[in-house]
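So the structure is just underneath, and the comments pick up after that.
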Amino acid sequence: MSLIKEKILAFMREEAYKPMTAEELALIFDIDKKEWQKFYKILDDMEQDGQIIKTRKERYGIPERMNLVVGRLQGHSKGYGFVIPDKEGEPDIFIPAEGINGAMHNDRVIARITRAAIKDKRVEGEIIRILERANKRIVGRFEKSQNFGFVVPDDKRIYQDIFISKSNMGKAKDGQKVVVEVTKWPEKRRNPEGKIVEVLGNINTPGVDILSVIKKYNLPEEFPQEVEEYANAIPDEIPEAEIKKRRDLRDKRIVTIDGEDAKDLDDAVSIEKLPDGKYKLGVHIADVTYYVKERSPLDKEAFKRGTSVYLVDRVIPMLPKKLSNGLCSLNPKVDRLTLSCEMVIDENGKVVSHEIFESVIKTSERMTYTDVTKILRDKDPELMKRYDYLLEDFKLMEELCLILYKKRMQRGALDFDFEECKIILDEKGKPIEIKPYEREIANRIIEEFMLVCNETIAEHMYWVGVPFVYRIHEDPDEEKLQNFSEFIHNLGYILRVTREVHPKVLQDILEQVKGKDEEVVVSTLLLRSLKQARYSPECTGHFGLAAKYYCHFTSPIRRYPDLIIHRIIKEHLKGKIDQKREQKLKKLVEEASKQSSDMERVAQEAERETDDIKKVEYMMERIGEVYPGIISSVTSFGMFVELENTIEGLIHISNLTDDYYIYDDKHHCLIGERTKKRYRLGDKVVIKVVKADLETRTIDFVIADEYEEE
C-alpha cells in the first residue's frame, strides 16, 4: 500500500506533471480495471491525509505545487491563528480572523497562501479545507440564560463560545464546569453548537480543577477492562527457564537512585574501577518488553498513551500499576528482568567499549536523591553507617559523573540550570508550599549516566543500520538566533550568527552570564530561540546535547519510544531482523515517532496547566503581599515578573501609572515617554500581589513602591 502511495507522490512531484483525474491516473499506473475501486480508495485516503489535493474539477495534485499548505491550526483568543505546517522547517502561516473559515484550534487544515513573506511581514493565508476536527469534546464554564446557554471554553485558543439550546443543557447549572460535545461546527459568522454530556462540578469544589484539565486534554482516567485483565493475568514469578537465558547479575551491587515519591523505578546502576584505572558503568533498565508483547492489548494502549503524564497531584501511567509499580519496577531485593548496557569509560569520559545484553538483577537498595546527596555532600554519619558497603560506589559515581559532565561541556552541550518547582499539596489538594527543586549531585549522577547510556545505544544501533526511534533536536532558527544576538549585544555580549552555529558558541554565552543578574533572562531567551526536541526515525543529531547520536532507552515504563527500541534491540541481539521484518519496523518506528512526539506535547501542556492552577490557588491567599522578582518577559501589554518560588505574574501596562510606557521589542523593554525610565528583561523589581484569578489562571502584580506612593 505505502509503495503505491510513494509512487503516486513521486509521479506528481515531477516537473511535467499536470493535475489528472482518478481514471487518468489509473491508466498511467496500469491498474487492472477490477482493481480501480481499490486504487480510488488509496487516492481518497491520500486526500484525507492531506498528501494530495482534489480540485473542484476532480483532478489530483500535491499541495506544494498548488500554493497550498497542510498543517495544524494554532488558534488565538483574538480570533486569528497560525497554521503550523506538517512539513518540518516550513514557516508558520498567519491566518487573519476572516480567513479562519470555521476552523478551530488544533484542527488539521489545508491553507491557501494569499500573500508571500515580505520584509517584516510573515506569510499570510486562508483556510480552504478542514481535514480533521480536533475538538469533538470541549471543557468549559456553563453560562445559563432563560432559554439557552453558552459554554466558555477553558482553552482560550478556542475563541468562540459554544451555543447550547435549552434541550441540550442536561442538569448543568449556571457557572459549573462541564464537558460539551460539539454537534454543529462553526461557520463564517456562526458559533459552534453543542450538548452538555458531563457536569464536572462547581469551579471551587476541590478536584474539579484537575479533573477539568484531564478532560480537556482527553487524558485516560483508567485502563480499559481488557488491558487490566491482560495485565492481571501475567504471573508474578519469573520462569526459571527465562532466567537461564540471561546473564545473571543478581550477586552484583546494583542500586536505584530516584526521588522519594517515585514508584516506577525503571533504571538501576552499578559501578566498579578496573585495574587499569578505567570505570565500568552498568546501566540496567527494566525489560518491559518481556511483559508487553507487540500488538497485545497492553502494547496498543501504551502506544495510544505514548507517555505517562505527571500531573501535580497524580500520575496517569502509560502501563497499568501491576507493571509500572510492580513487575517492571526495579524494587529492592527482588529478582527483576532487565536490558543492560555495560560501558568501559576512560579517565577522559570516552566510552572505549560497551556491551548490550539481556540480564536478571536484584537491586541492593532503593536509594533516594536526598540520601545520596547527604552522603556525598554532607557526610551524614547515620546514612554513611547504614550504607557503609556502598560508600565506595557512591564516590566512584560522583567521580565518573564529573568526568562525563566535563566532557559534555567541552564538546559544547548546553546546560540550562533552570530551577524547577516543587508544589506541595495537603490531603485536600490545596497547595501549602511552592519551592524551587534543586538539582543536587545525586540527580546529576543519574542524569549523566543516563545520557551516556542513551548516546552509546543510539550510536550502536545507528551503525547496525536497522529502523530505530532517535531523539533529535534540530539546529535553531537563524532568525530567532539573530534576534537573541541583538538583545544580548545590548548587554555587552557578542554572538556571531552564521548559517551553521555550533552549540559551543551558545554554551560560551551561558558561561559568561553565570552568576550575573542577567543569567536567568539570557538563558530563558536562548531557550526560546531553540526548537523543541522530538522523536524521529532519522538520526540527525541532538543540537542541545551537542550529540551526533541520541535516543531514549532508559525509561520504558513511562515512554513508548524506549519500549519500542528495547524490542528492536532484543530482536537484533537474537538475529531476528530479516528484510521482511525490517520493512514492518520502518512503518512502526515512523508511527511511534509521530505519536510519541504528539503525546509528549499533550502531556507537557497538561502538566504545565495543573502546575499553573495550583500556583494561582496558592497566590489567592497572598493578595497584598510583597515579593522581590525578576522581569522574565516584556510584551506590548506589560511585563511578566518571576518570583523566587518560580511563580510568574503580569504587571499590566495600565498599572504602570507613573508615566506612559512604550514597548521597544528590539531591546525587550518598556520605556517611559516622559521619565525615560526603563523596565528591561532581567531587571529586579519588588512587586505586590493584587489579583489571582482561578478561572483565567492569571496572577496580577503591581510595582510595590509605586503602589505604596499612590
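The values are calculated or read from the model by the stated rules, or taken from the named source; none is laboratory data. Here the structure is a predicted model, which is why all the values come from computation and not from measurement. Neighbour counts are summed over all protein chains in view; Cβ atoms, including those assigned to glycine, are modelled from backbone coordinates with ideal geometry. Heads up: the accessible areas ignore ligands, DNA and RNA and are worked out on the full protein's heavy atoms, side chains in. Shrake-Rupley method; radii C 1.70, N 1.55, O 1.52, S 1.80 Å.
Here are some notes:
- Verdict on T646 being polar (S, T, N, Q) and free of Cβ contacts under 8 Å to residues at least 60 places away in the same chain: no
- Among the residues here, E181 does not qualify as among the charged types (D, E, K, R), surrounded by 14 or more Cβ atoms within 10 Å (Cβ to Cβ), touching a residue at least 12 places away in the same chain (Cβ under 8 Å) and more than 20 Å from S212 (Cβ to Cβ).
- The helices (runs of 4 or more DSSP H) falling completely within region 441-550 that include 1 or more residues that are in contact with a strand residue (DSSP E or B) (Cβ under 9 Å, 6 or more places away or on another chain) map to 441-464, 478-490, 519-529.
- A search for C-beta distances below 9 Å between a residue of region 52-65 that is on the phi > 0 side of the Ramachandran plot and any residue that is open to solvent by less than 50 Å² (accessible area, probe 1.4 Å), counting only pairs 6+ apart in sequence or on different chains, returns E58/T21; E58/A22.
- Just so you know, in region 433-459 the residues that are over 16 Å from H284 (Cα atoms) and among the β-branched types (V, I, T) include one that is most open to solvent (accessible area, probe 1.4 Å), and it is I441.
- Figure legend. Inter-residue proximity from region 248-277: first residues under 19 Å from D371 (Cα atoms), second residues surrounded by fewer than 17 Cβ atoms within 10 Å (Cβ to Cβ) and among the aromatic types (F, W, Y), beta-carbon distance below 9 Å, spacing 6+ or different chains. Indicated pairs: R253/Y389.
- Qualifying residue in region 60-78 (condition: among the aromatic types (F, W, Y) and not in a strand (DSSP E or B)): no
- For region 206-254, the set of residues classified as closer than 30 Å to M397 by Cα, surrounded by 12 or more Cβ atoms within 10 Å (Cβ to Cβ) and acidic (D, E) consists of D248 only.
- Residues that are of a type in the set (G, A, S), open to solvent by less than 80 Å² (accessible area, probe 1.4 Å) and closer than 26 Å to K586 by Cβ do occur in region 50-61.
- Of all the numbered requirements in (1) touching a residue at least 12 places away in the same chain (Cβ under 8 Å); (2) among the aliphatic types (A, V, I, L, M); (3) open to solvent by 20 Å² or more (accessible area, probe 1.4 Å), I472 misses one, and that requirement is (3).
- Looking only at residues of region 83-126 that are without any contact (Cβ under 8 Å) to a residue 24 or more places away in the chain and part of a strand (DSSP E or B), we find that the one that is farthest from K156 (Cα to Cα) is I118.
- Restricting T524, T498, T540 to residues that are open to solvent by 10 Å² or more (accessible area, probe 1.4 Å), modelled with pLDDT of 95 or more and among the β-branched types (V, I, T) narrows the list to T540.
- Looking only at residues of region 279-319 that are within 30 Å of D393 (Cα to Cα) and in a strand (DSSP E or B), we find that the one that is most open to solvent (accessible area, probe 1.4 Å) is K280.
- Residue pairs meeting the criteria (Cβ under 7 Å; at least 6 apart or on separate chains; first touching a residue at least 60 places away in the same chain (Cβ under 8 Å), in region 674-691; second among the aromatic types (F, W, Y) and outside any strand (DSSP E or B)): K688/Y707
- Residue within region 558-573 that is under 30 Å from Y663 (Cα atoms), touching a residue at least 24 places away in the same chain (Cβ under 8 Å), under 18 Å from the mean Cα position of the chain (by Cα) and open to solvent by 40 Å² or more (accessible area, probe 1.4 Å) present: no
- The residues of region 475-495 that are open to solvent by 70 Å² or more (accessible area, probe 1.4 Å) and either touching a Gly at 6+ places or on another chain (Cβ under 7 Å) or in contact (Cβ under 8 Å) with a residue 24 or more places away in the chain (or both), listed by number, are D475, K480, N483, N490.
- Only a single criterion out of (1) in a loop (DSSP other than H, G, I, E, B); (2) closer than 14 Å to L337 by Cβ; (3) not β-branched (V, I, T) is not satisfied by D276, namely (2).
- Residues that are assigned to a helix (DSSP H, G or I), surrounded by fewer than 14 Cβ atoms within 10 Å (Cβ to Cβ) and of a type outside the set (G, A, S) within region 5-37 comprise E6, K7, L9, R13, E23, E24, L27, I28, K33, K34, E35, Q37, listed in sequence order.
- Helices (runs of 4 or more DSSP H) fully within region 155-256 counting 1 or more residues that are under 30 Å from K574 (Cα atoms) and β-branched (V, I, T): 225-232, 240-244
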